[in-house]
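The values are calculated or read from the model by the stated rules, or taken from the named source; none is laboratory data. Being a predicted model, the structure only gives us computed values, none of them experimental. Note that we place each Cβ from the backbone using ideal geometry, even for glycine, and neighbour counts take in every protein chain shown. To get the accessible areas, we keep the full protein, side chains included, count just its heavy atoms, and leave off ligands, DNA and RNA. Shrake-Rupley method; radii C 1.70, N 1.55, O 1.52, S 1.80 Å.
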Amino acid sequence: MYSGENKTAIVSQQLISEAMLSMLGTRAFSDITISELCKTANVSRQTFYSLFGKKENVIAYALKWKCCYQPEDNNKSCRSAVFRDFCRGYSEYIISRRNLLEILVRNDMMHCLYDVQYESFMNCEHFIRGVTGEERTYLVDFIASGMNSIAKNYVLLGCRDDQASLEQVMYRLFGGIYFTPEKKKRTE
């Protein structure tokens with residue numbers, strides 16, 4: 001997948017990405033041909049193959065640049081010692097990206113969001129500060145997987161939960177409250 005700085009190539013990537021997301025609003029990913037995608041984006045097949053190589057890379061690009069929860073964009077949530085701030089930020093992200101999440105679930109593509117989210121968390125210098133090496137790998141994988149699963153289930157359960165409910169579930173789950181003896185559970 002192209003990752004250079006050529007402005008024409010970047011514009012073409014954006015056009016292809018926008019066309020893909022638009023088409024996914026009404027059609028299944030498997031039903032979208034590269035020819036149709038190129039026609040909708042008004043680019044040549046050669047341009048498509050030079051920039052992306054395959055359709056799946058278009059989704060990865062769109063998620064990375066337009067739809068991924070970026071800890072850097074919310075410094076309070078990734079620098080705070082209070083994990084609740086992170087849970088609040090991610091629950092707001094889920095609510096605001098509802099339409100995209102529905103498309104990903106409908107097309108069985110939540111793994112694409114996980115891949116991009118994992119990379120984003122791993123590359124954020126402020127996220128989980130002080131944890132390095134294998135421990136960081138395990139921790140970031142656990143958090144990205146858990147948040148991705150919560151987002152998927154939010155969609156599968158009909159997008160009924162509000163931001164506060166999602167935040168509460170995340171906080172309790174990652175805080176281990178569900179693994180404590182029944183009489184010790186706190187209501188936070």
Is it the case, given these coordinates, that residue 178 is open to solvent by 20 Å² or more (accessible area, probe 1.4 Å), hydroxyl-bearing (Ser, Thr, Tyr) and in contact (Cβ under 8 Å) with a residue 12 or more places away in the chain? no
May I ask you to verify whether residue 165 is assigned to a helix (DSSP H, G or I), open to solvent by less than 70 Å² (accessible area, probe 1.4 Å), closer than 22 Å to residue 62 by Cβ and among the small types (Gly, Ala, Ser)? no
Right, residue 146: modelled with pLDDT of 90 or more, surrounded by fewer than 16 Cβ atoms within 10 Å (Cβ to Cβ) and outside any helix (DSSP H, G or I) or not? no
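Just checking, how many residues over region 115-143 are open to solvent by 20 Å² or more (accessible area, probe 1.4 Å) and not in a loop (DSSP other than H, G, I, E, B)? Walk me through how you get there before you give the answer.
Start the filter on region 115-143 by keeping residues that are open to solvent by 20 Å² or more (accessible area, probe 1.4 Å), which leaves 115, 118-119, 122-123, 125-126, 128-139, 141-142.
After this cut, where a residue has to be not in a loop (DSSP other than H, G, I, E, B) as well, the list is 115, 118-119, 122-123, 133-139, 141-142.
The total comes to 14.
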For residue 34, which of the numbered conditions (1) free of Cβ contacts under 8 Å to residues at least 40 places away in the same chain; (2) crowded, with 19+ Cβ neighbours inside 10 Å; (3) closer than 30 Å to residue 123 by Cβ fails to hold? (2)
